[in-house]
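First up is the structure itself, then whatever we jot down about it.
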Amino acid sequence: MSDFPPGTVWLVGAGPGDPELLTRKAERLIGAASVIFHDALVGPAVLDLASAHGRLVSVGKRSGRHSRDQATIDRLIVDAALAGERVVRLKGGDPSIFGRSAEELDACRAAGVPVRVCPGVTAASAAASSLCRSLTLRGVARKLVLVTAHAKAGEVLDLDWQALADPQTTLAVYMGKAAAPELTQRLLHAGLPGDTPVAIVENASLPGERRLSTRLDLLPIAARSGLGKGPALLLIGAALSNGTARTSSERSLTESLSGRPRR
Ligand code: SAH
């Protein structure tokens, strides 16, 4: 395969979990790999597909439980390539979005290992699709911000809250479950109205998918009581308004608290 000779590395986006959301290119590269280093976030069905091909090595990191540090992962993929393997580094979603791909690209380049990237469907796109909603809305939501609410242990969230609290922006918050109370408080304080629509999608595109719709001032309760242990994406902004079509199985926390559907 001309774009995947032995001794090269491909950083491949695995998408949100549903194997049908892999790109055809990702599937081809997985099929050609001799070794596949994958994240904890890569969906089980995607791993099943990958296990039929190259050797699978888990280098998973879930917050708080770092099984391998980034430097070790960098070294593993570089060493495998230098040993003549066709290396796929399989990452959840898109490698370039909160995926630490820059470190791995740098490590490969520094070692003289040829490296390329195959994009994937990111969690924000998957979540919006599950909700049957649009992330942007003509005249209403002109801006989409992908932001992470994950701070290093012991550090405060250092974000430009004023800029984020823009009513014409849709916020797609990655790794935001634990920080939901602080995120809410900061956004309210910066002037975003308490009734700003919020949607949360846990395990987007996976069999255990859960969708919740609520409002900003109820987000901490929703995040605490309505979710399980899976990865969850928070979407905040007028584009998530209940006025747009809602899928029948989507639960509304606001409805269950007030006892009637909100308009
Ligand atoms: N590179 C990934 C993001 C990695 S950061 C991407 O492009 O999607 C990890 C965070 O992504 C999780 O904490 C969660 O906020 C989000 N995420 C990843 N997969 C998800 C899924 N299937 N459903 C909901 N959120 C997901």
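Values quoted throughout were computed directly from the atomic coordinates according to the rules given, and no laboratory measurement underlies them. This one's a predicted model, so the numbers in the text were calculated from it and none came from an experiment. So basically every Cβ, Gly included, is an ideal-geometry build from the backbone, and we count neighbours across all protein chains shown.
Given the condition in contact with a strand residue (DSSP E or B) (Cβ under 6 Å, 6 or more places away or on another chain) and either closer than 21 Å to Arg100 by Cα or surrounded by 14 or more Cβ atoms within 10 Å (Cβ to Cβ) (or both), answer yes or no: does some residue in segment 153-162 qualify?
For segment 153-162, residues in contact with a strand residue (DSSP E or B) (Cβ under 6 Å, 6 or more places away or on another chain) and either closer than 21 Å to Arg100 by Cα or surrounded by 14 or more Cβ atoms within 10 Å (Cβ to Cβ) (or both): absent.
Within segment 1-32, the set of residues being of a type in the set (Asp, Glu) and either assigned to a loop (DSSP other than H, G, I, E, B) or touching a residue at least 40 places away in the same chain (Cβ under 8 Å) (or both) comprises Asp3, Asp18.
Restricted to segment 68-125, and to residues there that are in a helix (DSSP H, G or I) and within 26 Å of Val201 (Cα to Cα), the residue that is nearest to the ligand (Cβ to nearest atom) is Ala123. Checking each residue in segment 136-152 for being over 13 Å from Leu171 (Cβ atoms) and in contact with a strand residue (DSSP E or B) (Cβ under 7 Å, 6 or more places away or on another chain) picks out no residue at all. Residues of segment 1-36 that are buried (at least 21 other Cβ atoms within 10 Å of the Cβ), within 17 Å of Ser96 (Cβ to Cβ) and either of a type in the set (Phe, Trp, Tyr) or within 16 Å of the ligand (Cβ to nearest atom) (or both): Trp10, Leu11, Val12, Gly13, Ala14, Gly15, Pro16, Leu21, Leu22, Ala26.
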